[in-house]
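Novice: Structure below; questions to follow.
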Amino acid sequence: MPGHDGHDLVVVANRLPVDITLDDDGKVGWKRSPGGLVTALEPVMQKSDGAWVGWSGGPDLEVEPFDADDMYLVPVTLSADEIERYYEGFSNDTLWPLYHDVIAPPAFHRQWWDTYRRVNQRFADAAAAQAAPGAIVWVHDYQLQLVPRMLREQRPDLRIGFFNHIPFPPLELFQQLPWRRAVVDGLLGADLIGFQRAGDASNFIRAVRRLTDYTTRGPIITMPDANGKPGRHVRAASFPISIDSNHFDQLARTPEVQARAKEIRADLGDPDVMMLGVDRLDYTKGIRHRIKAYGEILQDGRLDVGHATLVQVASPSRENVGAYQDLREHVEGLVGRINGEFGEIGHSAIHYLHHSYPPEEMAAMYLAADVMLVTSLRDGMNLVAKEYVAARSDDRGVLVLSEFTGAADEMSSGALLVNPHDIDGMKDSIVAAAHMDHREQRRRMRRLRRRVLSDDVAKWSDSFLGVLTAMPSRSEYV
Ligand code: G6P
């Protein structure tokens, strides 16, 4: 339970790190939530005694705050209607495609926006109720962009940070949003706004310059006070996120995981080359481009199913949103066609798994895979790329990585970078990865591991919270 003064650190994210289930007797159970945000934040929270405010994952679940996995969790209730308009609608059918280069067309609906505002207010109220005087409140991701300002209005004593886990779009795309000014003002309620890449931070600053008359100087935006004089400062900068690299490295070294990796390869018929893709089933991940390229490689005879196979894990995601239903049909049609055309008895071209798996099984798959394919069309960071590297203490394996991921900014010297729109170029890189000799693999993987093991998630959160804490508090302005 929180002390009567509240918590010194409050994390606010759309999802709690666990999805809550209620059994017939009303007893609360839970399972891990999907996605990179939870992967990154869980270890941060386990080391502090802060509170995590978030949605429980289901409709109309009224659950009291509770402790789980060394974290104090504060559930926010959403009705079925709010899930449809705020989560599936505005968050995942307006903002998500708009912020990912309009790969799918964003839908703009005023009712969705009204619900987004209302739900953001509920999260802000819940966070305000948990925060001790002068506490740090750290708000996460595109679902909650109005929370910083809403919080500041009721709790000017707080230090407020915001981190955007997905890209921030170029002004030319952001301008499509009818509520663009309200979103910018919502974010500017924070003291510190963090982005994955320097490019995202500069896109945001450009939007501020174009849509407001606030002064900006480098990463600093100066807000006017009540009299129109220069008031508080907001900093917008990049803080590339990471994973709990050592934990993942250790997990992949356990005898159980090592044995399971061998078993996976044996079950696949001990191929010379096992390729692996691991994604939420999302149109931003370039799964269709990857599978198309792989099918053409088989067609061209550059690899054959007797020696190579592709395992594609596509974990179920946002299944009520139309674009995701269409994607699933496309991907499954494509996999079926390629398997029908090139598969042989005992040799599938593609092993397609529409499931999600626990970290132990993921670590075993990474260890088993000779080539890891991360071919996103746009991706804030992509933590799968970092997990693959953290798992490979044997210095083996090749990472094929899209230029359009945040991870590419940090991993370009060890990975084979690809443009997923350039199918011929991607085919060449996949074939090169399949044939790469062990010395070259080791040389590249060592570079990648140095980076991933030193720049871990603790460093990320320490650096964000360090900058936030060092910023002048509100009382220093008045
Ligand atoms: C990405 C987003 C997260 C989101 C996750 C899973 O990682 O940045 O905010 O939680 O995807 O998506 P979902 O819609 O299932 O929460």
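Computed from the coordinates by the stated procedures, all read-outs in this text should not be read as laboratory data. What you see is a predicted model; the values in this text were computed from it and never measured. Note that we place each Cβ from the backbone using ideal geometry, even for glycine, and neighbour counts take in every protein chain shown.
Novice: Multiplying the sequence separation of Thr21 and His307 by 0.36 nm and subtracting their Cα-Cα distance, what value in nm do you get?
Specialist: Difference between extended and current length: 98.6 nm.
Novice: Per the Cauchy relation, a quarter of the hull surface: what is the mean projected area of the convex hull of the alpha carbons in the range 36-188, in nm²?
Specialist: Projected area, direction-averaged: 9.0 nm².
Novice: log10 I(q)/I(0), Debye, Cα-only the range 245-454, no solvent, q = 0.09, 0.10, 0.18 Å⁻¹?
Specialist: Each listed q maps to, in turn, -0.31, -0.38, -1.38.
Novice: The range 14-88: which GluC sites (Glu not before Pro) are DSSP loop and have at most 15 other beta-carbon atoms within 10 angstrom?
Specialist: Glu62
Novice: In terms of modelled amide H atoms, which long-range or inter-chain residues lie less than 5 Å from the amide H of Thr215?
Specialist: Amide H neighbours of Thr215: Thr222.
Novice: Here is a follow-up. What percent of all Cα-Cα pairs in the chain falls into each 20 Å bin, going from 0 up to the bin containing the maximum distance?
Specialist: Taking every Cα pair in the chain, the percentages come to 24, 55, 20, 1.
Novice: A further question on this structure: Go ahead and run the numbers for FRET between Glu263 and Arg210, Cβ-Cβ distance against an R0 of 56 Å, rounding to 0.05.
Specialist: For R0 = 56 Å, the calculated efficiency reads 0.50.
Novice: Given points 7 Å out from each Cα along the Cα-Cβ axis, report the Asn419 to Arg110 separation in nanometres with one decimal.
Specialist: Label at Asn419, label at Arg110, 4.2 nm between them.
Novice: Which whole-Hz couplings ³J(HN,Hα) result when phi for each residue of the range 359-372 is put into the Karplus expression 6.51 cos²θ - 1.76 cosθ + 1.60, θ = phi - 60°, listed in order with x for Gly and Pro?
Specialist: Whole-Hz 3J(HN,Hα) from phi for the range 359-372: x, 4, 5, 4, 4, 5, 5, 4, 5, 6, 8, 6, 9, 9.
Novice: I would also like to ask the following. Taking the alpha-carbon centroid of each part, what is the distance from the range 346-414 to the range 19-80 in angstrom?
Specialist: Using only Cα atoms, the two centres lie 27 Å from each other.
Novice: Another one. Through the Karplus equation 6.51 cos²θ - 1.76 cosθ + 1.60, θ set to phi - 60°, convert the phi angles of the range 238-244 into ³J(HN,Hα) values in whole Hz; use x for Gly and Pro.
Specialist: 9, 9, x, 7, 9, 10, 7
Novice: Could you calculate the FRET efficiency of Arg450 with Glu329 from 1/(1 + (r/R0)^6), where r is the beta carbon distance between them and R0 is 30 Å, rounded to 0.05?
Specialist: 0.10
Novice: Using DSSP, restrict attention to beta bridges with both residues in the chain and report what percent are antiparallel, rounded to the nearest 5.
Specialist: Looking only at bridges with both residues in the chain, the antiparallel portion is about 25 percent.
Novice: Next question. For Ser317, enumerate residues with amide H under 5 Å from its amide H, sequence gap 5+ or separate chain, H modeled in the peptide plane.
Specialist: Amide H neighbours of Ser317: Leu281.
Novice: Looking at the range 1-91, which trypsin sites (Lys or Arg not before Pro) are DSSP coil and have at most 13 other C-beta atoms within 10 Å of their C-beta?
Specialist: Lys27, Lys47
Novice: Right, another one. Angle, helix 36-46 long axis vs. longest principal axis of the chain, Cα atoms, 0 to 90°, nearest 10?
Specialist: So the helix axis and the longest Cα principal axis differ by about 60 degrees.
Novice: Can you tell me the orientation of helix 110-130 relative to the chain, as the angle in degrees between its alpha-carbon axis and the longest Cα principal axis, to the nearest 10?
Specialist: Approximately 70 degrees, to the nearest 10.
Novice: Give me the extension gain from Arg337 to Glu361: residue separation times 0.36 nm, minus the current Cα-Cα distance, reported in nm with one decimal.
Specialist: 5.9 nm
Novice: If amide H atoms are built 1.01 Å from N in the plane of the peptide, which residues on other chains or at least 5 residues away come under 5 Å of the amide H of His351?
Specialist: Leu310, Val311, Gln312
Novice: Right, something else. Once you have the Cα-Cα distance between Glu344 and Ser393, take 0.36 nm times their residue separation minus that, and quote the gain in nm to one decimal.
Specialist: Computed gain between Glu344 and Ser393 is 14.3 nm.
Novice: Run the simple label-point estimate for Asp67 and Thr469 please: 7 Å along Cα→C-beta, distance reported in nm.
Specialist: In this crude spin-label approximation the distance works out to 2.4 nm.
Novice: Where both residues lie in the range 316-452, what percent of DSSP beta bridges are antiparallel, nearest 5?
Specialist: Just about 10 percent of them are antiparallel.
Novice: Local charge sum around Ser461 (other residues, Cβ-Cβ under 13 Å, Lys/Arg +1, Asp/Glu -1)?
Specialist: Net local charge, Ser461 excluded: -3.
Novice: Show that you can apply the helix-only estimate: for the chain, add -39,500 (n - 2.57) for every DSSP H stretch of four or more residues, divide by all residues, and state [θ] at 222 nm to the nearest 500.
Specialist: -12500 deg cm²/dmol
Novice: For Asp101, put the label point 7 Å out on the Cα→Cβ axis and report which residues of the range 353-390 keep their amide N under 17 Å from it.
Specialist: Only 374-383 fall inside the zone, counting backbone N under 17 Å.
Novice: So if I take the centroid of the Cα atoms in the range 88-138 and the same for the range 184-220, what is the distance between those two points in Å?
Specialist: The range 88-138 and the range 184-220 have Cα centres spaced 18 Å from each other.
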